[in-house]
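Have a look at the structure below before the remarks.
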Amino acid sequence: MKAKGSANEIQEADWINLLIREGEGLTVEFKERYTPRIDEDLVAFANGKGGRVLLGVRDDGKTAGEHLSNDLKAKINSLARNCKPEIAVELSESDAVVVVAVEEGTVKPYSCASGYFRRLNGTTQKMSHEELRVMFAENEPIPFEERITKGLAIGGISLGKVRAFTREAGISIGRVSVLDFLRSLNVAEEKGVKNAGALFFADNVHRHLHQSQMTLAAFKGIEKLHIYDRRDVKDDLLTQFNEAMTFIMKNLNVRSEIRDSINREDIYEIPLDVMREAMVNALMHRDYGVTGTQISVEVYDNRVEIINPGGLPRGITRAKLGSMSLRRNELIADLFFRLGKVEKMGMGVKKMREAMARAGLRPPEFETNGFFRAVFFRSPEYALKQGKGVSEGVSEKTSEKTPEKILAILAAGPETTIAGLSREMRITTRSIERNLKVLIARGYLKRVGPDKGGHWEAIKRGAGTRRPR
């Protein structure tokens, strides 16, 4: 199961060490010692994308040691033969770690004495009859994420994106080549880079996969009429996730609370954990095979909507949402799991509902009609009062970042008026005037020309200067 046929071919020990550093995931399971229950992992890998059980490795990645004796070989082969259908395994040992390799099965589903199992975010979980029926209802021979990306050679992979991924995932790849790294994640093979790999690591993702894009838009009011902020992101999925979260944070109201008399905590009107979960769900579950589509994030005065192409998998109803965890794109989901964006138990919808309830907000709403639409309602405490312009009820605690936002708006549009700032910032003109005076007094801003017909000029400060507060 090690990489072959490459000028940069790595040794078996290096390969195993890389798998250990990357941690458990869709295709890797650690076991400190052999137990007969590894048949559940063998079945889960055969039902999924294949994988390896590393015997002699603890959950924390420390090596405990295991030896591939003749007795152990016999036990493992006997377990594999007793699975239904029989599962072929490949056994090897290196540096006191025994590797049990399983290929993706060709006659799914597979079961063992304990039942049917599958992999989900680095864990082996037993499947219910309903999950079993749904999982294999869609029997496309080669899912989109596993197809080889046309025209993408290894030279088209961005080293910067590989480094960004490994840095955020906490992985050290050492002297492993880029190709072998992608193979270890199961997103590349001899024939080329898979679409899942292209979506995360291609230097120019949009050139190869035009549908890999996201539109971020903020609207004035509660209807899709007047856009006051927009951004189009045509890049890798990690960049899309980060850009979306930055945009959402920019356009939600926030208040600050002092904890323990010292530490300040920013509290957003919609919990950020909910927004993160919703964004990663949209990126994991969208149907990337549908061209001419995109993920949309729409911020209104009273709600945030996240829309992604592709409805629920066949057999799952909205009533079952949050009680079943099935993935349209298992490889993409595994990469997000390695980045720490997905929890092991995969109960995102349920946790979003609970978090919204704790924040005193309406439960999210979900709609499916070829697209999946998630709606998160903003706090009425901070929402604009319909028909009265800017809300006078916005807490003054929300203004800690107001000077920075004002500077950003005026840098883009120096002729913006106080009334215009008030509408765009969704705070009172009195608050705008107060913040402008602070910025001028502290040397961050000056007025050029008369009040009517003049313009604002942001003053650039030295590298060591603190940001306005």
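The values are calculated or read from the model by the stated rules, or taken from the named source; none is laboratory data. These numbers were taken from a predicted model, which means no experiment stands behind them. As a convention, Cβ positions derive from the backbone with ideal geometry for all residues, glycine included, and neighbour counts pool all protein chains shown.
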Selection count where residues are in contact with a helix residue (DSSP H, G or I) (Cβ under 6 Å, 6 or more places away or on another chain) and either basic (Lys, Arg) or in a strand (DSSP E or B) (or both), scope region 66-90:
1
Hits in region 216-235 - residues which are in a loop (DSSP other than H, G, I, E, B) and surrounded by 15 or more Cβ atoms within 10 Å (Cβ to Cβ)
Lys234, Asp235
Which condition breaks for Phe45 when tested against (1) closer than 16 Å to Leu185 by Cβ; (2) in contact with a helix residue (DSSP H, G or I) (Cβ under 6 Å, 6 or more places away or on another chain)?
(2)
Restricting the search to region 353-391, which residues are within 18 Å of Tyr300 (Cα to Cα), at pLDDT 85 or above and not in a strand (DSSP E or B)?
Met356, Leu361, Arg362, Pro363, Pro364, Arg378
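So is Glu145 within 29 Å of the chain's Cα centre (by Cα), part of a helix (DSSP H, G or I) and modelled with pLDDT of 90 or more or not?
Taking the combined requirement at face value, the residue satisfies it.
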Members of region 244-255 found to be in a helix (DSSP H, G or I) and buried (at least 18 other Cβ atoms within 10 Å of the Cβ), listed by number
Ala244, Phe247, Ile248, Asn251
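Here's the yes/no breakdown for (1) surrounded by 19 or more Cβ atoms within 10 Å (Cβ to Cβ); (2) more than 17 Å from Glu457 (Cβ to Cβ); (3) at pLDDT 75 or above; (4) not assigned by TED's automatic domain parsing to the domain that holds Asp229:
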site: Lys401; (1), (2), (3), (4): no, yes, no, yes
site: Ile406; (1), (2), (3), (4): yes, no, yes, yes
site: Ala411; (1), (2), (3), (4): no, no, yes, yes
site: Ile418; (1), (2), (3), (4): no, no, yes, yes
site: Leu421; (1), (2), (3), (4): yes, no, yes, yes
site: Arg434; (1), (2), (3), (4): no, yes, yes, yes
site: Lys437; (1), (2), (3), (4): no, no, yes, yes
site: Ala441; (1), (2), (3), (4): no, no, yes, yes
Of everything in region 18-42 that's out of contact with any Asp or Glu (no Cβ under 9 Å at 6 or more places or on another chain) and farther than 22 Å from Leu185 by Cβ, which residue is surrounded by the most Cβ atoms within 10 Å (Cβ to Cβ)?
Glu40
Scan (1) closer than 21 Å to Leu185 by Cβ; (2) surrounded by 20 or more Cβ atoms within 10 Å (Cβ to Cβ) for the single condition Asp59 breaks and write down its number.
(2)
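Inspect all residues belonging to region 112-121 and state whether any of them is within 24 Å of Leu19 (Cβ to Cβ), of a type in the set (D, E, K, R) and exposed (fewer than 15 other Cβ atoms within 10 Å of the Cβ). Spell out the reasoning first.
Start the filter on region 112-121 by keeping residues that are within 24 Å of Leu19 (Cβ to Cβ), which leaves 112, 117-121.
With the extra rule that they be of a type in the set (D, E, K, R), the set shrinks to 118-119.
With the extra rule that they be exposed (fewer than 15 other Cβ atoms within 10 Å of the Cβ), the set shrinks to none.
Within region 112-121, not a single residue is within 24 Å of Leu19 (Cβ to Cβ), of a type in the set (D, E, K, R) and exposed (fewer than 15 other Cβ atoms within 10 Å of the Cβ).
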Among the candidates Ala96, Ala153, which residue alone is farther than 28 Å from Pro309 by Cα, at pLDDT 90 or above and surrounded by fewer than 19 Cβ atoms within 10 Å (Cβ to Cβ)?
Ala96
Somewhere in region 262-277, is a residue surrounded by 23 or more Cβ atoms within 10 Å (Cβ to Cβ), under 16 Å from the mean Cα position of the chain (by Cα) and either at pLDDT below 95 or not basic (Lys, Arg) (or both)?
yes
